[in-house]
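For reference, the structure is listed below as structure tokens.
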């Protein structure tokens, strides 16, 4: 017993103080003013804080747990919190006036929160894009005074967004929303025509720009530019748009003759689409495709959103469609009539897909029982013409006439 008492007697003698309501209120006030909780308060202070002090102890004080605290613990915590407040970390309400000013400067300058913080020199410790968005959205009602003062001064000191370069691009009427150009069908059509006239898509355009030692704006990529032509992209960076339009204009040459797309042209294109050739089948294994011509281009012709096309593009598509129309390996639409004919001949013969192909030595490459099943069940919309002809003929000679009748409805009309 004497040994144990001796050990206790040898321990340091700590002074304890009462945790009164006033002390707890002071602790909570310091916590709220600084915006720093117990864990953050003690983070990184292990070497200087009193032995035995941790965040759980401080949290217990604030929550009303316990009646006493070691004086050295309490004095350290109060001093540390107070120093944060005195260092400019006091929290103040984000008022309606603050919000209005933040939103006004955002619209006026065209600078988004992420750009503001990224470009800032020596921002206060702890200031982040997330915090700024929380202020603007009203999700938090207070902010560190040094944070809010910095942002208000930084945004307020930026110049107005200059929309004149966009107005000079020739893209027509446009709307700026939060500093970005709102994409419209008219703008997409204008960009598409520039792409046609220049003969270069986004990837080729940026490659050319880099080879010419032009400074490509940060963040501008060919995949991002390809997205401009999609309805899912609602707005674009005006700097990116200006660079692309100017680069395309610099590449436009008179050699790429532009011709009108008449309604009869569209009607012929749609017949080829019904036959399964457009918009994508003509590009399969194709050689000599003009630079810049793509499925997207043909889709715009079919949609009626553009009224002109490059002559070499249009002539290549006509020639390719005509060649595939007479090709036995071209793809044709698997219509309801064709599916019905296949099913009827299968039932008449009593021969299933697997047996049909198993006993023939001249099955075309790529034709399988699963492919035939997909035709009959309507899971695929097109098929190679020679595959369909082989299937019907193998089932029954009398079936050939039925198939030719059904297939005639799927043929493309002459153009």
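Remarks
- Residue within the stretch 113-125 that is closer than 25 Å to residue 85 by Cα and either touching a residue at least 60 places away in the same chain (Cβ under 8 Å) or in contact with a strand residue (DSSP E or B) (Cβ under 8 Å, 6 or more places away or on another chain) (or both) present: yes
- Within the stretch 384-401, the presence of at least one residue that is modelled with pLDDT of 70 or more and not in a helix (DSSP H, G or I) is confirmed.
- Flag if residue 206 is touching a strand residue (DSSP E or B) at 6+ places or on another chain (Cβ under 7 Å) and part of a helix (DSSP H, G or I): no
- Qualifying positions in the stretch 151-166 - at pLDDT 80 or above and surrounded by fewer than 17 Cβ atoms within 10 Å (Cβ to Cβ): 152, 153, 156, 157
- Filter result for residue 230 (loosely packed, with under 14 Cβ neighbours inside 10 Å and farther than 30 Å from residue 333 by Cβ): no
- Contact map, the stretch 182-204: residues that are under 10 Å from residue 229 (Cα atoms) paired with residues that are part of a helix (DSSP H, G or I), Cβ distance under 7 Å, separation 6+ or inter-chain. Pairs shown: 192/300.
- Residue list for the stretch 365-383, restricted to those being under 19 Å from residue 341 (Cβ atoms) and assigned to a loop (DSSP other than H, G, I, E, B): 367, 378, 379, 380, 381
- The residue list 174, 213 contains one member that is surrounded by 17 or more Cβ atoms within 10 Å (Cβ to Cβ), assigned to a loop (DSSP other than H, G, I, E, B) and modelled with pLDDT under 85, which is 174.
- Selection status of residue 407, modelled with pLDDT under 70, part of a helix (DSSP H, G or I) and closer than 30 Å to residue 315 by Cβ: yes
- Where strands (runs of 3 or more DSSP E) fall wholly inside the stretch 248-351, the ranges with 2 or more residues that are crowded, with 16+ Cβ neighbours inside 10 Å and at negative phi are 308-310, 331-333.
- Looking across the stretch 123-134, just one residue is under 21 Å from residue 180 (Cβ atoms) and surrounded by 15 or more Cβ atoms within 10 Å (Cβ to Cβ), and that is 132.
The values are calculated or read from the model by the stated rules, or taken from the named source; none is laboratory data. Model, not experiment: these values are computed from the prediction. Ideal geometry is used to build each Cβ from the backbone, glycine not excepted, and the neighbour counts take in all protein chains shown.
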